[in-house]
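Just below is one structure, and these are the notes that go with it.
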Amino acid sequence: MSDEATTGGPPNPNRRLALLAGIGVASAPAFARAAVGVGVVPGREFLWGVATAAHQIEGGNTNSDYWVMEHVLETYFKEPSGDACDSLNRWREDIALIKLAGLNCYRFSVEWARIEPEPGQFSEAALAYYRRICIECREAGITPVVTLHHFTSPRWVAGMGGWEDFAVVDRFARFAERTARALAGVVDWFCTMNEPNAQVTSKVLQRKPWAIEPKLRAAAARAIGSDRFHMYFLGDSFKVRDVCLAAHAKGRDAIKAAVPSARVGMTLALQELTPAPGGEALYRRVFAEARAPFYAAATKDDFLGVQTYNKFEMGPEDYLPAPANAMKDMSGYPTQPGALAATVLEAYTHSKVPIFVTEHGNNTNDDTQRIQHLRTAIDGLVGQIAAGIPVLGYLHWSLLDNFEWSSGYIPRFGLVAVDRKTFERTPKPSLKAYGGLVRTLRHTHRWA
Ligand code: GCO
């Protein structure tokens, strides 16, 4: 999430370069294997694709906690998700666009609120729907990557205590098992939770409580007829972190029990961060709270999903304003494309599991800037692979201009524009450029 930007790392500004040098020298033979064949996953091709999330593209996600929050009077959302991109009906068009671009991977999320509309009541129709999407992907030569939880939960989860209550752990594992069982044989790649570290960073950087939060929660609780309302991004973020880590571990085991061939990981919001003079203590704290526990948990996974949008310098109390000459996205955040190579290095250094770039993108109306940004970032990624970091794939956020949470439909992350009335998809030049880049890399690099 570009505005929940997070990162971390040890407090020595030169550490990144030191690590890079160390990796290249100390482990050359193993890494050389990885570089020529992504040797950690024998027989797999490098995954080049795009990522989306159910709530942001499907439309009509009325049984979710976000839908409730979007519609309370006090809402902080600029506009509601509504029909989103109508991918609920147009998912075949989406897959056709990915195929047209020559990409071979699609990460999307299943919607828990559709699959388990009431506790313990599973919708066979919803499960069959997501199974059809996976099958269509495979028939198009596209590897599906399924995210189980991409921020949204059924409203009953919010009403029972949400992600601040360990009771959700078993519920999530049951949902994960049931979903994986329904998708067995058509998908091998699963992300459990999306960016469970994002809210922790925001919390560390937050200097005073968000004044409107109690009112919002009370209104949402009233709307669902409960005495409470707990969302992923509200409440005690440290508690949410611990609950999410427990849910991730139990969810991973449940998926693997249902699909023994599954490769499972979580995805993290990892912005490149460097400490400015005086910012070292805060930098260390962000790393200790919002990075280290997740990297430690990832050591037991098959991969770690890296999601990078921005680069920040940490000052004593907050991120420093971007330098005037920095390239900025539509939200005014600095977007140095080199950030991706830095976060891939950091994530691998601390987790030692294969890295999967599960999101990376640029919020811009300037498609030429998007193309330039994508090329430079992939160039940096290729450099990290050459230096020996095992990378499984790169997924661009996003296929479509879609619902960017509380910012509504203003941000533009898509390789494809979507008409807000007809939902007609119009590929931008960047979709073709991305496909062309991948084709070139497949010629020039054996691993690609
Ligand atoms: C996130 C999410 C995506 C966002 C994307 C752009 O990182 O917040 O995974 O849902 O839309 O990152 O901000």
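Here are a few things to note about the model shown:
- For the chain, with +1 on Lys and Arg beta carbons and -1 on Asp and Glu, the positive-most of P119, H373, H149 along the dipole: H373
- Most fluctuating residue given options S261, S64, S81, as computed from a GNM of the chain linking Cα atoms under 10 Å: S261
- Stokes-Einstein D for the range 155-279, Kirkwood Rh over Cα pairs, 20 °C, 1.002 mPa s (µm²/s): 133
- Each residue, F122 and E424, gets one label point 7 Å from its Cα in the Cβ direction; the gap between the two is 4.2 nm.
- Where the Cα pairs of the chain fall when distances are cut into 10 Å bins, in %: 4, 22, 34, 28, 10, 1, 0
- Between L47 and G393, Y394, the built amide H atoms are under 5 Å apart, and every one of these is 5 or more places off in sequence or on another chain.
- Pairwise alpha-carbon distances in the range 34-171 exceed 22 Å for 46% of all pairs.
- Value of [θ]222 nm, deg cm²/dmol, for the chain, DSSP H segments ≥ 4, -39500 (n - 2.57) each, nearest 500: -13500 deg cm²/dmol
- Order of T422, T62, T201, T267 under a 10 Å beta carbon neighbour criterion, fewest first: T422, T62, T201, T267
- Kirkwood-type radius of the range 336-448, with distances r between different C-alpha atoms, in Å: 15.0
- Residues whose amide H lies under 5 Å from that of G161, counting only those 5 or more places away or on a different chain, are H230; hydrogens are built 1.01 Å from N in the peptide plane.
- Mean Kyte hydropathy of -0.5 or more with a Cα span along the axis of at least 27 Å, helices from DSSP in the chain: 237-258, 367-386
- With distances taken between every two different alpha-carbon atoms, the range 305-369 has a Kirkwood hydrodynamic radius of 13.1 Å.
- Under 22 Å from the Cα of K352 - lysines, other chains or at least 8 residues apart: K250, K256, K300
- For the range 110-206, the Kirkwood hydrodynamic radius comes to 14.5 Å, computed from all pairs of different C-alpha atoms.
- Each label was represented as a point 7 Å from its Cα along the Cα-to-Cβ direction; for R207 and T376 these points are 3.1 nm apart.
- Straight-line reach from K432: taking Cα to Cα under 27 Å and skipping same-chain neighbours fewer than 8 places apart, the lysines in range are K99, K311, K328, K421.
- Sorted largest first, the spans of the alpha carbon positions of the range 331-393 along the three principal axes are 36, 20, 16 Å.
- Kirkwood-Stokes translational diffusion coefficient of the range 122-172, alpha-carbon pairs, 4 °C, 1.567 mPa s, µm²/s: 99
- Here the convex hull built on the C-alpha positions of the range 231-282 has a volume of 121 cubic angstrom per residue.
- Looking at the chain alone, DSSP beta bridges between its own residues are antiparallel in about 15 percent of cases.
- Per-pair calculated FRET efficiency, R0 = 25 Å: T62 and R92 via Cβ, rounded to 0.05: 0.65
- Karplus 3J(HN,Hα) series, Hz, for the range 154-166 with 6.51 cos²θ - 1.76 cosθ + 1.60 (x for Gly, Pro): x, 4, 5, 5, 4, x, 9, x, x, 8, 9, 10, 4
- Rounded if a/c under 1.5, otherwise prolate or oblate - the range 187-236, Cα gyration tensor axes: oblate
- Cα-based convex hull, the range 86-163, per residue volume (Å³, whole number): 91
- For the range 140-145, 3J(HN,Hα) computed residue by residue from phi via the Karplus equation (6.51, -1.76, 1.60; θ = phi - 60°) reads 8, x, 10, 7, x, 10 Hz, glycine and proline entered as x.
- Label-point separation, K352 to A276 (7 Å along Cα→Cβ), nm: 3.6
- Footprinting exposure proxy for I95, I57 (fewest neighbouring C-beta atoms within 10 Å first): I95, I57
- By other beta-carbon atoms within 10 Å, ranking D236, D65 with the fewest at the front produces D236, D65.
- Distant-in-sequence amide H partners of K428 (H built 1.01 Å from N, under 5 Å): V416, A417
- Whole-angstrom gap from the range 354-412 to the range 90-136, using each part's C-alpha centre: 22
Values quoted throughout were computed directly from the atomic coordinates according to the rules given, and no laboratory measurement underlies them. Bear in mind the structure is a predicted one, so any value in this text is a computation, not a measurement. Cβ atoms come from the backbone with ideal geometry, glycine included; neighbour counts cover every protein chain shown.
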